[in-house]
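Student: Pasting a structure here, questions to come.
The values are calculated or read from the model by the stated rules, or taken from the named source; none is laboratory data. Source: prediction; values computed, not measured. A quick note on method: Cβ atoms are made from the backbone with ideal geometry, for glycine too, and the neighbour counts reach across all protein chains shown.
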Amino acid sequence: MFSGSMVAIVTPFANGSVDQQALRSLVEFHLQNGTDAIIPCGTTGESATLSHAEHDQVVELVIEAVNGRVPVIAGAGSNNTAEAIRLTRHAKEAGADGVLLITPYYNKPTQEGLFQHFSAIAGKVEIPMVLYNVPSRTGTDILPSTVARLAKIPEIVGIKEATGCMGRATELVTSCGPDFAVISGDDGTFFPMLCVGGKGVISVTANIAPDLMASLYDNFTAGNYDAARGLHHRLLKLIQTMFIETNPVPVKESLVMMGKVKLELRLPLCPLSAGSRETLRSVLKEYELIS
């Protein structure tokens, strides 16, 4: 259902509020450069520091700006099941094509608790759901056996898998079946994930190089494997630089240098160190993203 180069879009701010004009411009930038789906209010969208009203606003704005041209998969996860249900219900009412549901962070539920959490959301709202597994951020790892159980629920159509482990990805593809989308949540594993049967990526790097990320996917699906592999190697340095400090700080500062957003983050995130900023600027020049 969901595939290709999908962007976890940043949330631009101006004077303490969501910069609506900049966000609309970013949506158009992606639609003009081959992005296959847009994901607002993910980790890269600084969802952790959005108020509930801002979260709803960003989802609604992106859906309106996209206007049905590509799928919108709204971030709707929480470590509070009731809150995740509310966010998911809002996403459906706003017209989202699906939702992205992170594993509950901090609570550290058991595998049964994870199963019940996602089952409860699916039982309350009928919308395609993509699970999101990123243990390095949440402290919780949803295992393939649990994902396979959840994959039998019609609403649960895929997983954004961000462990970076191809053995894990292969197990998910094998155990969940061909109709279940295993999606890379780690840009450096985009190409390897496709090779083991994955369906695409939900990407940080696509914020600044949507054409290159989309081209990798398009070449792979067209059978141009050498070209796709070449793009994988070409993108490696840029991808690594997007994580020189905590995401989404480097990618947001990249967009500042590209003239697309203002430099505004919300604490506890803060701007790059001077050394990291110079490294970032050098790499962006190397990739001809800035002059």
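Student: Restricting segment 147-201 to residues that are buried (at least 20 other Cβ atoms within 10 Å of the Cβ) and hydroxyl-bearing (Ser, Thr, Tyr), which is farthest from the chain's Cα centre (by Cα)?
Tutor: THR189
Student: Same structure, new question: Out of segment 243-291, which residues are polar (S, T, N, Q) and more than 25 Å from ASN15 (Cα to Cα)?
Tutor: Within segment 243-291, THR279, SER282, SER291 qualify.
Student: Here is a further query. Go through ILE73, ILE85 for me and flag whichever is under 12 Å from the mean Cα position of the chain (by Cα), at pLDDT 95 or above and over 22 Å from LEU269 (Cα atoms).
Tutor: Numbers: ILE85 fails: under 12 Å from the mean Cα position of the chain (by Cα).
It is ILE73.
Student: Out of (1) under 22 Å from SER203 (Cα atoms); (2) surrounded by 17 or more Cβ atoms within 10 Å (Cβ to Cβ); (3) over 16 Å from the mean Cα position of the chain (by Cα), what's the single condition that is false for GLU64?
Tutor: Looking at each condition in turn, GLU64 falls short on (2).
Student: Taking segment 83-120 as the search range and keeping residues that are among the hydroxyl-bearing types (Ser, Thr, Tyr) and over 23 Å from MET1 (Cβ atoms), which one is surrounded by the most Cβ atoms within 10 Å (Cβ to Cβ)?
Tutor: Of everything passing the filter in segment 83-120, TYR105 is surrounded by the most Cβ atoms within 10 Å (Cβ to Cβ).
Student: Going through segment 43-52 one residue at a time, which ones are at pLDDT 95 or above and either part of a loop (DSSP other than H, G, I, E, B) or among the basic types (Lys, Arg) (or both)?
Tutor: Residues satisfying the conditions are THR44, GLY45, GLU46, LEU50, SER51.
Student: In segment 93-112, which residues are over 18 Å from the mean Cα position of the chain (by Cα) and either assigned to a helix (DSSP H, G or I) or of a type outside the set (Val, Ile, Thr) (or both)?
Tutor: Selection gives GLU93, ALA94, GLY95, TYR106, ASN107, LYS108, PRO109, GLN111, GLU112.
Student: Looking only at segment 5-34, which residues are crowded, with 24+ Cβ neighbours inside 10 Å and under 24 Å from PHE191 (Cβ atoms)?
Tutor: Within segment 5-34, SER5, MET6, VAL7, ALA8, ILE9, VAL10, HIS30 qualify.
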